[in-house]
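Engineer: Dropping the structure in here first, questions after.
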């Protein structure tokens with residue numbers, strides 16, 4: 001199976017989680033590609049929160065993937081910013097290429113608060129693009145910063161993404 005992991009990470013927490021999940025998928029014999037959404041002009045915390053609240057899109061350093069057809073699994077992840085998706089993640093979700101028939105795992109990372117609004121926003125846009133959500137999760141920063149918890153959580157997530165009845 002070929003998997004694409006598309007993520008935005010402001011502090012490194014989301015990136016750490018996505019790399020751990022990717023490594024678990026690779027250990028299971030799957031090919032994984034990573035696409036980090038980086039803004040061409042980074043925003044400060046307040047400006048990033050304001051952009052997220054207003055549903056803005058960030059100008060990205062690198063282009064978006066042209067197609068998702070060559071991937072069986074697409075994982076989309078980002079931090080919760082002011083209860084919303086980041087401007088970087090909005091740039092991908094609002095311009096997502098052909099998600100029809102692709103299986104998606106969607107993730108949010110957060111320090112505190114609630115990721116319900118962000119998860120609903122991501123799921124709605126993935127489904128609108130024709131994607132099928134096979135797994136969703138909101139992961140607290142404390143889990144990712146603890147190496148033992150991170151390893152166990154990444155293994156569990158990879159197992160859930162690879163469940164036989166999903167494929």
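No value in this document is a laboratory result; all are computed from the given coordinates. What you see is a predicted model, and the numbers here were worked out from it, not measured in a lab. Quick reminder, even Gly has a Cβ in these numbers, built from the backbone with ideal geometry, and neighbours come from all protein chains shown.
Engineer: Need one number: convex hull volume per residue for the chain, Cα atoms only, in Å³.
Structural biologist: Expressed per residue, the convex hull around the Cα atoms of the chain is 99 Å³.
Engineer: Can I ask one more? For the range 71-158, what proportion of DSSP beta bridges, expressed in % and rounded to the nearest 5, is antiparallel?
Structural biologist: 5
Engineer: On to the next question. Would you work out the relative contact order for the chain, in percent, from Cα pairs under 8 angstrom that are 6 or more residues apart?
Structural biologist: Here the relative contact order equals 24 percent.
Engineer: Looking at the chain, send over the antiparallel percent of its DSSP beta bridges, to the nearest 5.
Structural biologist: Numbers: 2 of 28 bridges.
Once the DSSP bridges in the chain are tallied, antiparallel ones form about 5 percent.
Engineer: Can you grab the distance from the C-alpha centre of the range 1-17 to the C-alpha centre of the range 95-167, Å, no decimals?
Structural biologist: 10
Engineer: Using Cβ contacts closer than 10 Å as the measure, can you line up 38, 136 from fewest to most?
Structural biologist: By the 10 Å Cβ count, ascending: 38, 136.
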